[in-house]
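What follows is one structure encoded as structure tokens, with my remarks underneath.
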Amino acid sequence: MLRVGLTGSIAVGKSFVASVLGQLGCHVIDADEVARAVVAPGSLGLQAVVREFGEEVLRSDGSLDRARLAAIVFADAKRRARLNAILHPLIIAEQEERLKSLESEDPCGIAVVEAALIIEAGSRHRFDRLIVVHCRPEVQIERLMRRNRISREEAERLIAAQMPQEEKMRHADFLIDSSDGFDDVRRQTEEVYRRLRALTDACR
């Protein structure tokens with residue numbers, strides 16, 4: 001099975017690209033969904049987070065209050081690193097289990113893991129190819145302001161806290177520029193899919 005990473009900065013359109021790849025026949029794994037699964041009520045992941053950060057990160061129903069946890073770690077690099085040290089191994093292990101299951105079902109298929117932090121987490125080596133979605137900075141700011149209903153200053157602060165788009169782009173095997181709307185992104189994604197499918201032709 002061809003393993004493909006799909007990444008990019010905040011509000012650049014990764015999810016739309018993932019949806020198109022799914023429509024074209026790829027098996028798509030959403031890292032955010034996996035991240036929620038590993039801290040589900042009763043999970044070892046949630047227990048580890050509570051031990052580290054206290055019961056204040058729990059909702060009344062026992063589930064993780066992700067917004068409260070995010071507020072705690074966003075402004076504290078050491079605590080954010082500690083959270084990542086707890087969760088990243090669990091997330092990667094769960095992704096690997098899902099990838100192995102998919103490979104047993106469709107050994108000549110294409111599996112796409114959509115994740116924001118593939119490069120930052122040192123996970124690039126886990127994938128045969130890497131797609132990086134990007135867009136013009138002004139487009140990114142406007143999308144983030146609209147999506148999160150935040151000010152320009154807040155959007156700029158969130159973007160500045162991440163790896164620059166240019167740095168992510170240097171790691172890419174395929175680039176998709178989402179600046180000019182859905183139809184253009186779909187066209188680019190379909191072309192990338194054709195090139196990925198060509199890599200699996202020998203398997204079929």
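Under the condition of being farther than 18 Å from D173 by Cβ and aliphatic (A, V, I, L, M), which residue from segment 1-28 is surrounded by the most Cβ atoms within 10 Å (Cβ to Cβ)? The selected residue is A11.
Just to be sure I understand, how many residues within segment 144-198 are in contact (Cβ under 8 Å) with a residue 60 or more places away in the chain and among the acidic types (D, E)? Residues meeting the conditions: 1. Of all residues in segment 90-108, those that are closer than 18 Å to L196 by Cβ and among the aliphatic types (A, V, I, L, M) have Cβ atoms under 9 Å from Cβ atoms of residues that are open to solvent by 40 Å² or more (accessible area, probe 1.4 Å) and not in a loop (DSSP other than H, G, I, E, B), 6 or more apart or on another chain, in L99/R3; L99/H27; L102/H27. Would you check if L6 is under 29 Å from E166 (Cα atoms) and touching a residue at least 24 places away in the same chain (Cβ under 8 Å)? The answer is yes for L6.
Would a scan of segment 127-138 turn up a residue that is over 13 Å from the mean Cα position of the chain (by Cα), surrounded by fewer than 14 Cβ atoms within 10 Å (Cβ to Cβ) and of a type in the set (D, E, K, R)? Checked against the condition, which is being over 13 Å from the mean Cα position of the chain (by Cα), surrounded by fewer than 14 Cβ atoms within 10 Å (Cβ to Cβ) and of a type in the set (D, E, K, R), segment 127-138 yields at least one hit. Applying the selection to segment 165-204, what residues are open to solvent by less than 50 Å² (accessible area, probe 1.4 Å) and basic (K, R)? If the condition is that a residue be open to solvent by less than 50 Å² (accessible area, probe 1.4 Å) and basic (K, R), then K168, R197 are the ones that fit. Scanning segment 174-193 for residues being in contact with a helix residue (DSSP H, G or I) (Cβ under 9 Å, 6 or more places away or on another chain) and either of a type outside the set (D, E) or more than 24 Å from R143 (Cβ to Cβ) (or both) gives a total of 12.
The values are calculated or read from the model by the stated rules, or taken from the named source; none is laboratory data. For clarity, every value in this text was computed on a predicted model and none was experimentally measured. FYI the Cβ positions are ideal-geometry reconstructions off the backbone, even for glycines, and counts take in every protein chain you see. Remember, those area values only see protein heavy atoms, side chains included, never the ligands or the DNA or RNA. Shrake-Rupley method; radii C 1.70, N 1.55, O 1.52, S 1.80 Å.
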